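What follows is a single structure, written as structure tokens, with notes after it.
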Amino acid sequence: MSLPVIVMAKAPVPGTVKTRLAASLGAEAACDLYRRLLRHTLANAAAYTEQLHLHVSPDAEHPELQALAAEFNAQLSVQCPGDLGARMQHAFTQLGTPALLIGSDCPFLDAEQLRRAEHSLRHSDITLTPSDDGGYVLIGLNRVHTAPFTDIAWSTPQVLAQSQRACQRSGLSLTLNPSLWDIDDGADLQRLRALQKFDSLVAECP
């Protein structure tokens, strides 16, 4: 039986999403790419689970988020205030565990990758799928812990290492899945283009 999947997302408003990509693409094109990545992520998650949860910020009033939740039969919730750690911990606490949590920046998190993470949780307290930039693109919990979400320098190359140390200090077993990468800047976009596997995502990008 598949696990619930939480997708963390922002309202698709130009200038507030994909800001690093906006430096090279412009705010409107970067936001359009964000929309396609979010839809791709939800489709992949829906192919794995019937228990799909879309946790959004700053609120759940944006019509595109409401439409996506309806299309993919996802429960729509609003992220709590605070840093990324607080928001992820709240999402797990609100939903219950075991569960998986992902963002919308990694197009490689398909049903197979989600099943791999699910399998990891059969023998670990926590599972992480690392990203090439020193963070991670997926976290799964067997039960809610504060350790992975506290005193982490979010959005830095130290996230994964700090998370591993936090788990170790707390006596939590951790399984790392094979590393993937997400789409944060122009170099990542060019790397994705070169694969020629995600043309539907990048075809409209300048």
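The values are calculated or read from the model by the stated rules, or taken from the named source; none is laboratory data. What you see is a predicted model, and the numbers here were worked out from it, not measured in a lab. Quick reminder, even Gly has a Cβ in these numbers, built from the backbone with ideal geometry, and neighbours come from all protein chains shown. Keep in mind that these areas ignore ligands, DNA and RNA; they rest on the heavy atoms of the full protein, side chains included. Shrake-Rupley method; radii C 1.70, N 1.55, O 1.52, S 1.80 Å.
Packing-wise, with mean Cβ within 10 Å as the measure, how do 16-24, 106-114, 69-77 rank, highest first?
106-114, 16-24, 69-77
Quick one: which residues, 5+ away or cross-chain, put their amide H under 5 Å from the amide H of Phe108? H built at 1.01 Å from N.
Excluding prolines and chain starts, which carry no amide H, there are no hits.
So for segment 93-206, averaging the separation of alpha carbon pairs under 8 Å that are six or more residues apart and normalising by length, what relative contact order in percent results?
Answer for segment 93-206 is 29 percent.
HN-Hα J couplings of segment 41-57 from phi, Karplus 6.51/-1.76/1.60, θ = phi - 60°, integer Hz, Gly and Pro as x?
For segment 41-57, the Karplus-derived couplings read 4, 5, 5, 5, 5, 5, 6, 9, 9, 9, 10, 9, 10, 10, 9, 10, 9 Hz, x marking Gly and Pro.
Take every Cα pair under 8 Å in segment 50-120 that's 6+ residues apart, average their separations, divide by the length, and report that relative contact order as a whole percent.
24
In segment 41-77, whose amide N lies under 13 Å from the spot 7 Å out along Cα-to-Cβ of Leu84? List them in ranges.
Output list for this probe position: empty.
Quick one: compute the contact order of segment 1-128, relative version, from alpha carbon pairs under 8 angstrom and 6+ residues apart, as a percent.
33
Hey, can you grab everything whose amide H is under 5 Å from the amide H of Ser77? Only 5+ residues off in sequence or another chain; H modelled, so Pro and N-termini drop out.
Leu54, His55, Val56
Once you place label points 7 Å from the Cα toward the Cβ at Asp59 and Arg169, how far apart are they in nm?
3.8
Per DSSP H run of at least 4 residues, take -39500 (n - 2.57); add these up for the chain, divide by its residues and hand me the 222 nm value, nearest 500 deg cm²/dmol.
Dividing the helical sum by the residues of the chain leaves -12500 deg cm²/dmol.
Once phi is turned into θ = phi - 60°, what whole-Hz ³J(HN,Hα) does the Karplus curve with 6.51, -1.76 and 1.60 give for every residue of segment 78-88, x standing for Gly and Pro?
9, 5, 6, x, x, 6, 4, x, 4, 6, 5
Answer with a single label: of [x] 9, 36, 39, 15, 1; [y] 8, 34, 38, 18, 2, 0; [z] 8, 30, 31, 22, 8, 0, which was calculated as P(r) over Cα pairs in 10 Å bins from 0, in percent from the structure in view?
[x]
Using a simple spin-label model with points 7 Å from Cα along the Cα→Cβ vector, what separation in nm is obtained for Asp151 and Gln196?
About 5.0 nm separates the two model spin labels.
Round to a whole number: what % of the accessible area of segment 1-122 belongs to carbon and sulfur, probe 1.4 Å?
Within segment 1-122, the accessible surface is 51 percent carbon and sulfur.
Roughly what % antiparallel, to the nearest 5, for the DSSP beta bridges in segment 6-87?
Counting DSSP beta bridges with both partners in segment 6-87, the antiparallel share is about 0 percent.
Go through 160-170, 27-37 and give me the packing order, highest mean Cβ count within 10 Å leading.
Ranked by mean Cβ neighbours within 10 Å, highest first: 27-37, 160-170.
Add +1 for every Lys or Arg and -1 for every Asp or Glu among the other residues with Cβ under 9 Å from the Cβ of Val137, and state the total.
Computed value for this residue: -2.
Less than 11 Å Cβ to Cβ from Ala47, Lys/Arg counted +1 and Asp/Glu -1: what total charge do the surrounding residues give?
-2
Using θ = phi - 60° and the Karplus relation 6.51 cos²θ - 1.76 cosθ + 1.60, list the HN-Hα couplings for segment 169-174 in order, rounded to whole Hz, with x at every Gly or Pro.
Karplus values, whole Hz, x for Gly and Pro: 4, 8, x, 9, 6, 9.
Counting heavy atoms of the protein chains only and a 1.4 Å probe, report the per residue accessible area for the chain as a whole number of Å².
46
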